[in-house]
């Protein structure tokens, strides 16, 4: 308090008798002029008055100041008692976080005894740190903490002690910078959180339930028992959700609507949607198990928005192959299940409808530009060639975008570049494609449905007419403005889909030998020589291409590999590490091969031939990215693993790309993902 002194105005008030003496002295001078004796008497009186005032001032000065302090203290004590006895926990701390004062409620909350000052605020409340203190007086820091099983809203206000003292009408403070204090208050919001949670738990969620293979399952059972199969499935679904207070309503022969509380949805999630497996147990002699897909919309703002989210979610679930649950809520999209292969449809009605729609779009445009994914492979190249032939059959100009020529497609490209019947500018670079595409161009995307994975994403913004043909399971990131989207995850390859489309595209369409070779090669590569993901329609597509002139021997010769590629593949397999007994992880060595990612995928396929390997992962460092190729046979869904890392693909063939990370970090992240999924029960 040494730097504090009485304010000037108050000093002037205390020194007012001196002013009176000066006035009396001036009057006394006038009296002197009138009468000398009277002036002397008055002067003596003034002297006595002045002496008496000085004596009183000197004697009472400290007492007056003490009375002022006592008054302020009594007034502050009233305020202090109010704060001390209030039910709101309240404390004052200094700049270093030391508690200077607290009321009874704060002491009870923090477990501090009366006047047990000096404790660190950060030590008492571990979730409060100096970073949460306000930076200026105009700023109020508000945040929530959990303490002793209760929730509190904390408000911290900064107060500049020196500034407030300087603004006092009784005290004058020097201009030097002083210190500050922080007032900390706590508001118990546990009950508020309880009501908010109750409100969220009582909210209704909307779900759509579809039977994936309704027709196929019925065909696999005797006709007289079909009604029994349908009744058992309906009862299984209705009874399951009634246990969670859910209401199921069937609105079509293979479609149901479900409404239930958000709290019930959490319970079903905890059970990992066991209905997916329970429905498969319904068997009355049917050769094919029934599978279901669910699309759920929750907490999207309104019942209408929830229903729209459920509709989008069920489309996404079906686009990913079915037998799974997709939830769309305010936090994003969540996937459950999807552990079985997509059921192949025997009917080709959908392929015929898509072929006619594609024909109409091509006929309405001046030219067609087709592109696949980045680092285009044989499947994307073959599918693009098939679209090229479809456009040429309608006498439309057609082009294929090749972002980078790899060793996997170079033999195929050489066939077209050397053939005199094809335009020299049939293949476009990215820059050439960007200059050519306009509103009168049809852009066809094959072998991917993710805009960021396409060979030239800019083309998707240059035209409004986009067609997507893909056989990968859909992810949340899809091309949303496509006028025609044909995504069939049960198909072995994009070439298989295009081969089916060509059969219904136009009567008498003629596919040339090298075009048939390109399509056949795409199917061979994606099926690993017809060992994976092959169905009846795969072989039918291959037979159609063989009739069109595809030569198996010629294709096999084109795909013979370089000696360096074979050595790199062998080294990758030999360097593999068995993680948790069933997961082979290897790093492809750096080399001068043209297509390191292709070598990585081939190496991953080779690792599956090792006993006890459920899934294989090969990592490749290429162009400042870490590419992960994941493969499995039937025990593990590698698509779900890759989705957690930002990628996607098929149940037994997937991949992802990690940007700006080291190889060691990528391996660590992959292992941690496997550990998490094993601990969560998604992997065994």
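The values are calculated or read from the model by the stated rules, or taken from the named source; none is laboratory data. As the structure is a computational prediction, the values presented were derived from the model and not from experiment. Glycine also receives a Cβ, built like all others from the backbone with ideal geometry; neighbour counts cover every protein chain displayed.
If I ask for residues that are over 28 Å from the mean Cα position of the chain (by Cα) and over 21 Å from residue 571 (Cβ atoms), which ones from the range 612-627 would you list? Scanning the range 612-627 gives 612, 614. Could you check the range 318-337 and list, in sequence order, the residues that are closer than 17 Å to residue 486 by Cβ, modelled with pLDDT of 80 or more and not in a loop (DSSP other than H, G, I, E, B)? Within the range 318-337, just 318 meets the criteria. In a residue-by-residue description of the range 631-645, the property of being surrounded by fewer than 22 Cβ atoms within 10 Å (Cβ to Cβ), in contact with a strand residue (DSSP E or B) (Cβ under 6 Å, 6 or more places away or on another chain) and under 18 Å from residue 334 (Cβ atoms) applies to at least one position. Look at (1) in contact with a strand residue (DSSP E or B) (Cβ under 8 Å, 6 or more places away or on another chain); (2) within 30 Å of residue 647 (Cβ to Cβ); (3) assigned to a loop (DSSP other than H, G, I, E, B) and you find that residue 388 fails only one, number (3).
Evaluated against (1) under 17 Å from residue 281 (Cβ atoms); (2) assigned to a helix (DSSP H, G or I); (3) touching a residue at least 12 places away in the same chain (Cβ under 8 Å), residue 193 falls short on exactly one condition, (1). If residue 481 satisfies all but one of (1) crowded, with 19+ Cβ neighbours inside 10 Å; (2) closer than 28 Å to residue 336 by Cα; (3) in contact with a strand residue (DSSP E or B) (Cβ under 8 Å, 6 or more places away or on another chain), what's the number of the condition it fails? Only one criterion is unmet by residue 481, namely (1). Just one residue in the set 77, 108 is within 30 Å of residue 160 (Cα to Cα), at pLDDT 70 or above, out of contact with any helix residue (DSSP H, G or I) (no Cβ under 6 Å at 6 or more places or on another chain) and part of a helix (DSSP H, G or I); that residue is 108. Scan the range 543-555 for residues that are within 43 Å of the chain's Cα centre (by Cα) and without any contact (Cβ under 8 Å) to a residue 24 or more places away in the chain and the total you get is 0.
Can we say residue 340 is within 29 Å of residue 502 (Cβ to Cβ) and at pLDDT below 90?
Values: within 29 Å of residue 502 (Cβ to Cβ): no; at pLDDT below 90: yes.
Judged against the criteria, residue 340 is not a match.
The residues of the range 245-266 that are surrounded by 17 or more Cβ atoms within 10 Å (Cβ to Cβ) and part of a loop (DSSP other than H, G, I, E, B), listed by number, are 246, 254.
Answer with yes or no whether residue 485 is more than 24 Å from the chain's Cα centre (by Cα) and at pLDDT below 90. I'd like the intermediate steps shown before the answer.
Numbers: more than 24 Å from the chain's Cα centre (by Cα): yes; at pLDDT below 90: yes.
Judged against the criteria, residue 485 is a match.
Tell me, please, whether a residue that is surrounded by fewer than 18 Cβ atoms within 10 Å (Cβ to Cβ), touching a strand residue (DSSP E or B) at 6+ places or on another chain (Cβ under 6 Å) and outside any strand (DSSP E or B) can be found in the range 375-385. Among the residues of the range 375-385, not one is surrounded by fewer than 18 Cβ atoms within 10 Å (Cβ to Cβ), touching a strand residue (DSSP E or B) at 6+ places or on another chain (Cβ under 6 Å) and outside any strand (DSSP E or B), which makes the answer no.
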